[in-house]
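Take a look at the structure below.
Coordinate-derived values only; no laboratory data. The model shown is predicted, which means the values in this text are computed figures rather than measured ones. Neighbour counts run over all protein chains shown; Cβ positions are idealised from the backbone, glycine included.
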Amino acid sequence: MTLVAPIWIQSIGGTYFGWLYLRFLQRSGGGMRGDQTEQMAFIAFFPPPLRPLMQVCVCVCVCVCVCVCVYCKMIDSVVSIVPVEWATHSVH
């Protein structure tokens, strides 16, 4: 049994990471990074009828990621304030 992802997952991942590199990381002639034109926007890869739906999906995903990151930072800051003895002390 091989543990290789199906070809469609590899295709979607390759397309996404290729876009990510071209959009944000590739160096251009003027020392800038990435292609910030409207034609390279993530939404531009979808047909016009699907763009509103994809825009909502992307906004929800970004909001969830931001909320998770903020929540994790808040938890880390609370854990760093609480003394270790409190965290390991069992309540009877």
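3J(HN,Hα) along region 23-28, derived from phi through the Karplus expression 6.51 cos²θ - 1.76 cosθ + 1.60 where θ = phi - 60°, amounts to 6, 10, 10, 4, 7, 9 Hz, with x in place of Gly and Pro. Close amide H contacts of residue 34 (hydrogens built in the peptide plane, cut-off under 5 Å, sequence separation of 5 or more or a different chain): 25, 26, 27, 28. Summing charges over all other residues whose Cβ lies under 12 Å from the Cβ of residue 41, with Lys and Arg as +1 and Asp and Glu as -1, gives 0.
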